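Coordinate-derived values only; no laboratory data. This is a predicted model, so every value here is computed, not measured. Ideal geometry is used to build each Cβ from the backbone, glycine not excepted, and the neighbour counts take in all protein chains shown.
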Amino acid sequence: MGKLRVLSGKEVCLILMAHGFEQVRQKGSHLIMQKQLDSMTITVPVPQHKEIKSGTLASIIRQAQISRVVFES
């Protein structure tokens, strides 16, 4: 596994949108992104920070069910 890039919340949202997610609402500093699948809905909160910590980014990747390679440098 490669090292995760340092990304902002905005950059993470753009990657998620490229993979079928859309913004459904915002609560405070967190955007809520969702993706509709046949049998379920995937919901991922994304903090709108200048730099997202690696543990938080790993959690977003896990929840979104997207390959980690997309987020690596």
Residue ID - farthest from R68 (Cα to Cα), chosen from residues in the range 1-32 that are surrounded by 11 or more Cβ atoms within 10 Å (Cβ to Cβ) and touching a residue at least 60 places away in the same chain (Cβ under 8 Å): L7
Conditions (1) among the polar types (S, T, N, Q); (2) loosely packed, with under 14 Cβ neighbours inside 10 Å; (3) in contact with a Ser or Thr (Cβ under 6 Å, 6 or more places away or on another chain); number of the one not met by Q65: (3)
Given (1) surrounded by fewer than 13 Cβ atoms within 10 Å (Cβ to Cβ); (2) in contact (Cβ under 8 Å) with a residue 12 or more places away in the chain; (3) polar (S, T, N, Q), index of the condition S39 fails: (2)
